[in-house]
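The values are calculated or read from the model by the stated rules, or taken from the named source; none is laboratory data. In this text, all values refer to a predicted model and were calculated from it rather than measured experimentally. FYI the Cβ positions are ideal-geometry reconstructions off the backbone, even for glycines, and counts take in every protein chain you see. The protein model used for the area step is the full one, side chains on, heavy atoms only, and it has no ligands, DNA or RNA in it. Shrake-Rupley method; radii C 1.70, N 1.55, O 1.52, S 1.80 Å.
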Amino acid sequence: MKKLALEDSESYHRFLRMDVSTFEELVALVSPSIERKNTSMREAIPAAERIALTLRYLATGETQSSLSYQFRIAQNTISGIIPAICSAIYHHLGSEIQVPESENEWKMVAKEFWAKWNFPLCLGAMDGKHIRIKPPPHSGATYRNYKGFFSIVLLALVDANLKFLYVDVGTNGRVSEGGVWGKSKLRQAITNGDMNIPEAEPRYQDWHLNCHLSLWLMMPFR
């Protein structure tokens, strides 16, 4: 990784799905809560290496046995590292995912979509992804999706800069796209009028897609 950081930043980004500076920022933020001390029996795995391993797992979905060869870390150790690092990242960064709370905040999101993507009246880009899992015991076909494997669904909304505004994860893979959206708290809040979404601008009131200042992009689940 050090060699990639110095000589091939593009490959580094593909490997971890983030650039060097972002990775270093994440390490500095999370390390204090995950650092381990060396003992007379063994040297602790550096925090940066455990974070890199976890990011690689999240970015690719590789098996733990494959990661053990890449990072030269025993598989039984990896099985403890990944959930611990995920918990630490969520602890430090979970509050960064926040749905806009006022009309002005929503208008800023729409303004950025227009400035950056030339897309008017857009309050977010939404998509979903099936996360492959081993189904719980005795769950039958509950988690089997239309692609034929077992999964839970990740539904996410991002702004024009690809920053997450909302995440819903955990719906069983058998549920349809409309079903996932229908049960989400975001959809319920919009339906109940709790989101402070601005009214349509006068020049766009005739647009049938824009009863409010909103345009949700719903793409097929991958």
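Values as computed for the structure displayed
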{"read-out": "Candidates Glu35, Glu10, Glu25, filtered to the one that is touching a residue at least 12 places away in the same chain (Cβ under 8 Å) and open to solvent by 50 Å² or more (accessible area, probe 1.4 Å)", "value": "Glu35"}
{"read-out": "Output for segment 120-145, where each listed residue is open to solvent by 30 Å² or more (accessible area, probe 1.4 Å), within 21 Å of Arg187 (Cβ to Cβ) and part of a loop (DSSP other than H, G, I, E, B)", "value": "none"}
{"read-out": "Residue that is farthest from Phe23 (Cα to Cα), among those in segment 81-101 that are open to solvent by less than 40 Å² (accessible area, probe 1.4 Å) and not hydrophobic (A, V, I, L, M, F, W, C)", "value": "Pro100"}
{"read-out": "Residue in segment 104-118 that is closer than 30 Å to Ser184 by Cα, outside any helix (DSSP H, G or I) and either open to solvent by 60 Å² or more (accessible area, probe 1.4 Å) or without any contact (Cβ under 8 Å) to a residue 60 or more places away in the chain (or both) present", "value": "yes"}
{"read-out": "Flag if Ser87 is under 29 Å from Lys134 (Cβ atoms), free of Cβ contacts under 8 Å to residues at least 40 places away in the same chain, within 21 Å of the chain's Cα centre (by Cα) and in a helix (DSSP H, G or I)", "value": "yes"}
{"read-out": "Members of segment 94-103 that are more than 21 Å from the chain's Cα centre (by Cα) and in a loop (DSSP other than H, G, I, E, B)", "value": "Ser102"}
{"read-out": "Among (1) touching a residue at least 60 places away in the same chain (Cβ under 8 Å); (2) in a helix (DSSP H, G or I); (3) open to solvent by less than 30 Å² (accessible area, probe 1.4 Å), the one test that Leu67 misses", "value": "(1)"}
{"read-out": "Among the residues listed as Ile78, Ile97, the single one being touching a residue at least 12 places away in the same chain (Cβ under 8 Å) and in contact with a Phe, Trp or Tyr (Cβ under 7 Å, 6 or more places away or on another chain)", "value": "Ile97"}
{"read-out": "Within segment 130-151, tally of residues that are more than 16 Å from Val180 (Cβ to Cβ) and touching a His at 6+ places or on another chain (Cβ under 7 Å)", "value": "0"}
{"read-out": "Some residue of segment 15-23 being part of a helix (DSSP H, G or I), among the polar types (S, T, N, Q) and closer than 18 Å to Pro83 by Cβ", "value": "no"}
